[in-house]
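*Asks:* Got a structure for you, written out below as structure tokens; questions coming shortly.
No value in this document is a laboratory result; all are computed from the given coordinates. All values derive from a computational prediction rather than experimental measurement. Quick reminder, even Gly has a Cβ in these numbers, built from the backbone with ideal geometry, and neighbours come from all protein chains shown.
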Amino acid sequence: MPINESMVQDIVQAVVAKMQIADAPTGKHGIFKDMNDAIEAAKSAQKIVKVMSMDQREKIISCIRKKIHENAEILARMGVDETGMGNVGDKILKHHLVADKTPGTEDITTTAWSGDRGLTLIEMGPFGVIGAITPSTNPSETVICNTIGMLAGGNTVVFNPHPSAIKTSIYAINLLNEASLEAGGPDNICVTVEKPTLETSNIMMKHKDIHLIAATGGPGVVTAVLSSGKRGIGAGAGNPPAVVDETADIRKAAKDIVNGCTFDNNLPCIAEKEIVAVSSIADELMHYLLTENDCYLASKEEQDKLTSVVLAGGKLNRKCVGRDARTLLSMIGVDAPANIRCIVFEGPKEHPLITTELMMPILGMVRAKDFDDAVEQAVWLEHGNRHSAHIHSKNVDNITKYAKAIDTAILVKNGPSYSAIGFGGEGFCTFTIASRTGEGLTSASTFTKRRRCVMSDSLCIR
Ligand code: NAD
């Protein structure tokens, strides 16, 4: 194949990125060889954080936000370089989002009752040192998001990151501690070990000084944490269906669905993983997917080939997760045009590329005979994860029916999935959506204990 100008530019960009990553300062704040030493360091830091003013905590958080903006590109490049998943442009956006919209101390509020018998408050205090397990799909984003929220709540945090994203996680943890030190806070507000393993995770889960564990990842880790005997926040897997009914703006629905599905190559757990379309508009929707949204229609033979590569031996092939559509097509010998962003096809809900949480831009469309059938199929496809679901409809009754039936932590109506985490939508950002344990989108208040403070017969000055 002859090398053209755009290929040369891509090569130059990739080389420059590798040099930037190699030149990136590799500080060691918060990085330990031994998990017990890491926990001890986080415990000492928490003693300082605990007695800090809220204002001081907020100063550290402001410094974190600034540093993450400054390092957004390098973190994004590191994540893609290390894991081979996602794309740099979207990961840069995710880092700016997490820096801007993760709630800080303003999320810690007080409830008060005042009357003849005095004043009673509910104060939200820290747990202490929190254990956190983070995924490979949003490695630094989750580390940053968890640290801001946990610190705002007065905690420090011990991470056991995904081993395949450890360099990126270490880079983020070092930055977060540098931000704390620059703002006059302690070192080790967040810590980790150089080589996280299941063993270091077990040490963390069993440690006497860890009272709360937040697990962000697939079903295995959430089950492990919920079996630990400690309080667990379980942010598990999803398989979000996007339902489209006959009242929707079909053209816009096609655009929103593809934008959500292809964001960071479909890595976000909230991203559209399949479409369930009411039969009367299914052909129109497919028309817009193909003619206006850079989708590639996979033939039956190509679907079979994709299935054998993506789900080799029935197991999700990690080499396909977070890859872009053209790379996936090249794996089955298809040289797709440069504009292709997403692979689409129509199939039954049981199709392995539809029923499995793939985390790559492959979007199967299931046809439903009417709206009730669409709801039934979408609920089946969500597999009871209670994570995320999406709908394109202008019928409020339909939306309500779907929302009640699918019962997910997130339900986006008439927009791309990422609007659920504050990207082009209202509300705050999080990368830990506690689907299984029900806290929903986590923020600083999720990481606090509620304490009742009672002043008897005084301080009511009404
Ligand atoms: P993964 O489950 O392979 O790994 C997640 C983390 O758990 C890693 O740190 C891993 O080392 C650890 N882990 C796995 N099994 C463990 C066990 N038995 N004991 C202790 N630790 C264990 O997930 P991944 O591939 O990195 O991320 C993708 C998955 O995470 C998808 O299923 C996605 O939906 C989910 N996810 C959920 C959220 C959410 O907020 N709900 C956010 C991001 C990702």
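*Asks:* If you take the Cα atoms of the chain, find Rg, then find the Kirkwood Rh from the mean of 1/r over all pairs, what is Rg/Rh? Intermediate results must be reported in sequence, preceding the final value.
*Replies:* Values: Rg = 23.2 Å, Rh = 23.2 Å.
My calculation of the ratio gives 1.00.
*Asks:* Let me ask you something else. From largest to smallest, what semi-axes in whole angstrom does the stretch 122-196 give when each is the square root of 5 times an eigenvalue of its alpha carbon gyration tensor? Walk me through the intermediate numbers first.
*Replies:* On the way: eigenvalues 85, 41, 19 Å².
Over the Cα atoms of the stretch 122-196, the semi-axes work out to 21, 14, 10 Å.
*Asks:* Kindly list the residues of the stretch 186-212 that lie in the label zone of S227, defined by a backbone N under 14 Å from the point 7 Å along the Cα-to-C-beta vector.
*Replies:* From the stretch 186-212, the list is 202.
*Asks:* How far is helix 5-23 tilted off the main Cα axis of the chain, in degrees rounded to 10, range 0 to 90?
*Replies:* Orientation of helix 5-23: about 20 degrees from the principal axis.
*Asks:* Would you mind classifying the stretch 319-411 by shape? Square roots of the alpha carbon gyration tensor eigenvalues, ordered a ≥ b ≥ c; an a/c under 1.5 is rounded, otherwise it is prolate if a/b is larger than b/c and oblate if not. Mind dumping the intermediate values first?
*Replies:* Details: a/c = 2.31, a/b = 2.10, b/c = 1.10.
Cα axes put the stretch 319-411 in the prolate bin.
*Asks:* On C-alpha positions alone, give me the angle between the axis of helix 279-292 and the longest principal axis of the chain, in degrees, nearest 10.
*Replies:* 90 degrees
*Asks:* Angle between the Cα long axis of helix 88-101 and the longest principal axis of the chain, 0 to 90 degrees, nearest 10?
*Replies:* Roughly 40 degrees, rounded to the nearest 10.
*Asks:* Another question about this same structure. Write down the percent of antiparallel bridges among all DSSP beta bridges whose residues are both part of the chain, to the nearest 5.
*Replies:* Values: 16 of 59 bridges.
Bridges in the chain are about 25 percent antiparallel.
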